[in-house]
1. Is it possible to state the helix-based mean residue ellipticity at 222 nm for chain B, with each DSSP H run of 4+ residues giving -39500 (n - 2.57), the sum divided by total residues, to the nearest 500 deg cm²/dmol? What is it?
2. What number results when the radius of gyration of the protein assembly as shown, computed over Cα atoms, is divided by 2.2 N^0.38 Å?
3. What is the local net charge at B:Ile144, summed over the other residues whose Cβ is closer than 11 Å to its Cβ (Lys, Arg +1; Asp, Glu -1)?
4. Which three extents, in angstrom, do the Cα atoms of chain A have along their principal axes, listed largest first?
5. Which order results if A:Glu275, B:Glu120, B:Glu75 are arranged by neighbouring Cβ count within 10 Å, fewest first?
6. Using alpha-carbon pairs under 8 Å, 6+ residues apart, how would you state the relative contact order of segment B:108-280 in percent?
7. For the pair B:Glu53 and A:Leu73, what calculated FRET efficiency results from E = 1/(1 + (r/R0)^6), where r is the Cβ-Cβ distance and R0 = 56 Å, to the nearest 0.05?
8. Once you place label points 7 Å from the Cα toward the Cβ at A:Tyr59 and A:Met182, how far apart are they in nm?
Amino acid sequence: MTTNAAERGVRGAHRAEDSFKWGLYVAAILVVVLLVAMLLTLLTSSIPSLRHLGARFIYGTTWDPVASEFGALPFLVGTLATSFLALLISIPFSLAISIFLGEYFREGPLSSFLKSAIDLLAGIPSVIYGFWGLFVLVPLVRALEMKLGVAPYGVGVLTASLVLTIMIIPYSASLSREVIQMVPRDLKEAGLSLGATRFEVIRKVILPYARSGIFAGALLALGRAIGETMAVTMVIGNSNLLPKSIFSPANTMASVIANEFAEASESIQVASLIEVALLLFVVTTIINLIGRQIIKRVSFE
Amino acid sequence: MKKATYLVTTSLITAMMVLGSCGLSMAGGTEILGAGATFPYPLYSKMFDVYGEQYAIKINYQAIGSGGGIKQLAEKTVAFGGTDAFMTDEEIKAAGAPIVHIPTCLGAVVLAHNVPGNLEIRLTPQVVADIFLGKITKWNDPQIVAVNPGVRLPDMAIVVVHRSDGSGTTFIFSDYLGKVSAEWKQKVGVGKSLNWPVGLGAKGNPGVAGLVKQLPGSLGYVELVYALQNKMSVARIANRAGNFVLPTIESVSAAAAVTMPADTRVSITDTSAEDGYPISGFTWLIVYREQAYAGRSREDALQLVKMLSWMIDEGQQFTEPLQYSPIPKEVAALADSIVAGITYQGTPLLAK
């Protein structure tokens, strides 16, 4: 009787484990299926545009819905310029935050306050960043532009990058902090016992050890910047011409889709907008693949 | 025991929900579904609210944009669509059956500026076109000074602000520019999204208004309703008769005093009316002329035409309080005859 019950128990546990395993399989496969389905949908829906425009879509600089001429180069440039500029500006800040919280102040009220403040920054809806950018950053950038003697629009690539910078800092900062915290204690102590100062330990031990994680954080932040739509569209100036400098108004791929899709009635315009989405998909994938290679190369043996 | 109680309760709740939803749809009679233009949305929601209360009917209008309204009607997912740009002959042909347009109110596009000093600025059609083509770049350009005697215009760059999203507002504005400037028609053209030669883009009326407020020296175009509500400085525009007209509810209605075609599909930009504001336009509701389609009952169709005739008649009282321009009497009469021509299996729904 008891053995029977025990056996049944074991069999039950097996069954539970099996169904759990199958559940995981299904969930994992579903994600891949979704990804492939998305890619296929984008591909099939953009066929009219692929046929009509061919490679001109990539290198063309005119986006003219009236004449059915769609060149996406200005948006490609806009997306890459704003996201990489934002990444560049954000690196010193996110690195400083992560060292501060991961090494100098790991515990205590100040550190937990800062940590939750940064997490909060990541949770703010992007439209709020857009509004803040429009009412606070735009006048500041405008004042700067007047001093420099360029056209004082206030909106443009630089303003969009600055808003993006603030939006992506939490992503790279929290991931970098985690990896900096994970640097083994004995490595740091070995450095200190050899007479290294704290700064030298950070520079020669912690950063090299954590660099692949820091890089992964930057990649995550970049991904967020590339896809951001609302905040960017509010401060970039939405000009479909190629930007001439970082003060020029521009447009991004995500922003042009959000702007024009709702009222696009010509089927070729709809197809071209879907092709922009396809291009965005491809660009994101390429950047991720390159990023992974770099992470692999720089990771600490 | 517990299990049994649980089962009974859940099944009871489910049954109640099913019955409840049935009851709801029965009590409400029919629900009329519509979708389309965002511009008249505040007016429509007021009208539908009042009408729905009076006649115990539910009207559901989704403001998804003019293009969406046309698409949804063609796909027969809604009973009526709303649009700021009338359907072209090809679009109607593509929809498969005759579609009629019923004008409900008028809107206008105004030029809001941010020139320090809250000046009242006058602009001619040629100047407006040249500014948006990027040929006039300063506020103290001789061409602007010439039509603004006594106004001290600053030596300031003009920052053009336009819509970045596809919009009926852009359509009306570019339709106007295409009529008054051959160069505009040839270089830029008419549409809901354009290849702008100059300027900054912003999303929606609030986006354009926000940017104009932020940038000294800027000039942007927004809906009249929006400019009135936000007390923006707007320009007087010279109409075809040569009068510099301030956009108001009255001057926009006056612009509709032109010879109307029987189907009301007409662009009234660059109007010939003497006191009419030149960048005005109708907004329409669109329905199929023959209502017996896609399993629609006679009752559904009757409710729809009753609502339409109420909107062009009693419903017009709600236009002015919400700062929309009512359709003139002659146009209302024309719209009445169009609604009277809507049929169900060949016979008119409204008995005269």
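1. -12000 deg cm²/dmol
2. Relative to the rule-of-thumb radius for its length, the protein assembly as shown sits at 1.18.
3. Counting the neighbours of B:Ile144, the net charge comes to 0.
4. Extents along the principal axes, in whole Å: 79, 62, 34.
5. Fewest-to-most Cβ neighbours within 10 Å comes out as B:Glu75, B:Glu120, A:Glu275.
6. On the way: 349 pairs, mean separation 52.9, N = 173.
31 percent.
7. Numbers: r = 54 Å, r/R0 = 0.96.
Result of the calculation: an efficiency of 0.55.
8. With each label point 7 Å from Cα toward Cβ, the separation is 4.4 nm.
Bear in mind these aren't lab numbers, they're just calculated from the coordinates by the rules spelled out. Only a predicted model underlies this, so the values are computations on that prediction, with no experimental measurement involved. Note that each Cβ is placed from the backbone with ideal geometry, even for glycine, and that neighbours are counted across all protein chains shown.
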